[in-house]
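Chemist: Submitted below is the structure of interest, expressed as structure tokens.
The values are calculated or read from the model by the stated rules, or taken from the named source; none is laboratory data. Just so it is clear, the model here is predicted, and its values are computed rather than measured. So basically every Cβ, Gly included, is an ideal-geometry build from the backbone, and we count neighbours across all protein chains shown. What goes into the accessible areas is simple: the full protein's heavy atoms, side chains included, and nothing from ligands, DNA or RNA. Shrake-Rupley method; radii C 1.70, N 1.55, O 1.52, S 1.80 Å.
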Amino acid sequence: MSLHQHPRSKAASPKIKVPTKLASQPPRAQSATMPVINPNAAGIDVHSDMHMVCVPADRMAAAKDKTVSAPPHVRRFGANSCDLIAIADWLAQCGVTTVAMESTGVYWIPLFELLESRGFEVWLVEPGQLSRCGARPKTDVLDAQWIQRLHTYGLLRPSFRPADSIMALRGYHRQRQMQIRYAASHTQHMQKALEQMNVKLTEVVSDITGMTGQRIIAAILEGQRNPATLAALRDPKCRNDAQTIAKALEGTWRPEHLFALRQAYDLYEFHHKQIAQCDAMIQTELAQLPNRSGDKPFTARPPRCGRKPNDLNFDACGPLFQALGVDLTEIEGINVGTALVILSEIGVDVSRFPTEKQFASWLGVSPRQFESNKTKKKRSPRKGKNRVAIALRMSAQALAKTMSPLGLFYRRIKSRIGGKGAVTATAHKLACLVYRMLKYGKEYVKQNMAEYEQKIRKQMERSLQRKAAALGYKLVADPTPINESAPIPVPV
């Protein structure tokens, strides 16, 4: 045995005999390929400073990009306006008709709008659809190829995006909501400055941004320090009297706190001026929308309370009715602001959602189904920040104390599953009502409270009869006449 030879050499190792049956078997048939749904599809991986574009591999117009190590049908472009035009030209040269791109931040918006204006069918894809592909290498080139491959086989679902006539209204309304949030933060700054001066205005006035609070703060900034004079500025409808308010307005008046109060007040006024400008643009956009009401009569419902600081500066009931074709404010709990949110976020065409259940599921106001081995598990609704869902949840909370069928529905569900579940269930019912009115163009028919209570009473009777029969008992009706006007007892 040589010095470098192992005792178990290759010559001495046992040989594995291959059975003759395996050697004689025919080659395995190749798996069937998936059908191509979109043969002229392209995929774009969107970034802030560049975009990676992938077209079908068989397009002769594709050329090798020397700046990046990628296949010939994948190119890297910049993110400037000239680069976006070059992307559109190259896609048209390659015969692409439909494009899928990932919704990365706000970087996709300029490219999406340009490609849509050039006649391409653009699909905006949720990032979660692309990440559920298992373990694979992660590069910009592979991401663009993966988007193009999934879009070619029809495995992607585009995100909902309303018509262009609604997009401008959506932009103005979202800008208005942002200005309201900014103004709310400066309201807190005013409260902080007042508390630092020991001015207890927030304790005697329900809202410092109301008429009484704004009058008193403006007088303080003008140099008025007499509590009795400041208290005389109260509105006659104020709950506390002038003496109580004057006692709360005895402050220290330090200059640094007055300076902070002035800046917060000026910023609050500035943002409300911006809100007024947004209202003017919203009013202009509403006037430009087509009239879908036809010859339907319209009578605005009188408001339940006075105007609030964040309400629209114009009467939007009529324009909303003309744009939507139906009066959504007839539904209990939905006011003008909620109707404007629905119009600006969804529009008037809900044909994208085949059923009202799919519409409610997209909003995230319906529980998800999870079943395994014939066992159903409770799952919370899909998480998300859908603005329409937030508005409908707020409307559901407003129905808690109302004497209406929807209010009674909220209280019944709350007694069973709690307030959180009742808000979701009521928002789901509101979403179904909105869907039916927008899809079919029918007016909302208010349900009679007495009829709804009678319906619930019969349901409770059937439930009690089933329970009594299961226990071996039989229910006998009391011959004493019952009071139909008495409220239905809610189970605890």
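Chemist: In region 30-46, how many residues are modelled with pLDDT of 90 or more and among the polar types (S, T, N, Q)?
Modeler: Residues in region 30-46 being modelled with pLDDT of 90 or more and among the polar types (S, T, N, Q): 2 in total.
Chemist: Follow-up question, since we're still on this one. Considering only region 86-117, state which residues are open to solvent by 10 Å² or more (accessible area, probe 1.4 Å) and among the hydroxyl-bearing types (Ser, Thr, Tyr).
Modeler: Thr97, Ser103, Thr104, Tyr107, Ser117
Chemist: So, one more: Please name all residue pairs, on different chains or six or more residues apart, with Cβ atoms under 6 Å, provided the first residue is in region 96-121 and is polar (S, T, N, Q) and the second residue is open to solvent by 10 Å² or more (accessible area, probe 1.4 Å).
Modeler: Thr97/Asn40; Thr98/Asn38; Thr98/Glu121; Ser103/Leu124
Chemist: Determine whether region 330-347 contains at least one residue that is in contact with a Leu (Cβ under 6 Å, 6 or more places away or on another chain) and among the charged types (D, E, K, R).
Modeler: Yes.
Chemist: If you don't mind, another one. Looking only at region 187-206, count how many residues are open to solvent by less than 10 Å² (accessible area, probe 1.4 Å) and either closer than 17 Å to His272 by Cβ or outside any loop (DSSP other than H, G, I, E, B) (or both).
Modeler: So the count comes out to 4.
Chemist: Same structure, new question: Restricting to region 149-186, give me the number of residues that are in contact with a helix residue (DSSP H, G or I) (Cβ under 6 Å, 6 or more places away or on another chain) and open to solvent by 20 Å² or more (accessible area, probe 1.4 Å). Don't jump to the end; show me each part of the working.
Modeler: Going through region 149-186, the residues in contact with a helix residue (DSSP H, G or I) (Cβ under 6 Å, 6 or more places away or on another chain) turn out to be 156, 168-170, 172-173, 175-176, 179, 182-183, 186.
Add one more test, that the residue is open to solvent by 20 Å² or more (accessible area, probe 1.4 Å), and what stays is 168, 170, 172, 175, 182, 186.
The qualifying residues number 6.
Chemist: When residues of region 322-338 are filtered for being more than 12 Å from Met437 (Cα to Cα) and either without any contact (Cβ under 8 Å) to a residue 40 or more places away in the chain or in contact with a helix residue (DSSP H, G or I) (Cβ under 7 Å, 6 or more places away or on another chain) (or both), how many remain?
Modeler: The number of residues fulfilling the criteria is 8.
Chemist: Of all residues being closer than 19 Å to Glu269 by Cα and part of a loop (DSSP other than H, G, I, E, B) in region 207-233, which is least open to solvent (accessible area, probe 1.4 Å)? Just the residue, please.
Modeler: The first filter runs over region 207-233 and keeps only residues closer than 19 Å to Glu269 by Cα, leaving 207-223.
Checking which are part of a loop (DSSP other than H, G, I, E, B) leaves us with 207-210, 222-223.
Working: Asp207: 61, Ile208: 3, Thr209: 21, Gly210: 23, Glu222: 158, Gly223: 45 Å².
Step by step, filter region 207-233, then rank; the result is Ile208.
Chemist: With the structure loaded, tell me whether Leu312 is open to solvent by less than 40 Å² (accessible area, probe 1.4 Å) and either assigned to a loop (DSSP other than H, G, I, E, B) or touching a strand residue (DSSP E or B) at 6+ places or on another chain (Cβ under 6 Å) (or both) or whether it fails that test.
Modeler: Details: open to solvent by less than 40 Å² (accessible area, probe 1.4 Å): yes; either assigned to a loop (DSSP other than H, G, I, E, B) or touching a strand residue (DSSP E or B) at 6+ places or on another chain (Cβ under 6 Å) (or both): yes.
Judged against the criteria, Leu312 is a match.
Chemist: Could you look through region 356-388, keep only residues that are farther than 19 Å from Gly128 by Cβ and of a type in the set (Gly, Ala, Ser), and pick out the one that is surrounded by the most Cβ atoms within 10 Å (Cβ to Cβ)?
Modeler: For region 356-388, the residue satisfying everything is Ala360.
Chemist: Related question: I'd like the full set of residues that are open to solvent by less than 10 Å² (accessible area, probe 1.4 Å) and polar (S, T, N, Q), limited to region 335-355.
Modeler: Pass one, region 335-355, residues open to solvent by less than 10 Å² (accessible area, probe 1.4 Å): 339-340, 342-344, 346-347, 350.
Correct list: Ser344 only.
Chemist: Residues in region 118-132: is at least one under 27 Å from Val348 (Cα atoms), open to solvent by 60 Å² or more (accessible area, probe 1.4 Å) and in contact with a Ser or Thr (Cβ under 8 Å, 6 or more places away or on another chain)?
Modeler: Yes, region 118-132 contains a residue that is under 27 Å from Val348 (Cα atoms), open to solvent by 60 Å² or more (accessible area, probe 1.4 Å) and in contact with a Ser or Thr (Cβ under 8 Å, 6 or more places away or on another chain).
Chemist: Let me ask something additional. What number of residues within region 252-307 are part of a helix (DSSP H, G or I) and under 26 Å from the mean Cα position of the chain (by Cα)?
Modeler: Looking only at region 252-307, we keep the residues that are part of a helix (DSSP H, G or I), and these are 255-288.
Narrowing the set further to residues that are under 26 Å from the mean Cα position of the chain (by Cα) leaves 271-272, 274-288.
So the count comes out to 17.
Chemist: Output the residues belonging to region 61-81 that are more than 14 Å from Val141 (Cα to Cα) and either modelled with pLDDT under 90 or over 35 Å from the mean Cα position of the chain (by Cα) (or both).
Modeler: First pass over region 61-81, keeping only residues more than 14 Å from Val141 (Cα to Cα): 61-63, 78-81.
Within region 61-81, Ala61, Ala62, Ala63 qualify.
Chemist: Among the candidates Lys247, Lys296, Lys273, which residue alone is within 29 Å of Ser404 (Cβ to Cβ) and open to solvent by 60 Å² or more (accessible area, probe 1.4 Å)?
Modeler: Working: Lys247 fails: within 29 Å of Ser404 (Cβ to Cβ); Lys273 fails: within 29 Å of Ser404 (Cβ to Cβ).
Result of the check over Lys247, Lys296, Lys273: Lys296.
Chemist: Another question, then. Which condition from (1) at pLDDT 60 or above; (2) open to solvent by 90 Å² or more (accessible area, probe 1.4 Å); (3) within 22 Å of Gly154 (Cα to Cα) is the one that Asp49 breaks?
Modeler: Status for Asp49: all satisfied but (3).
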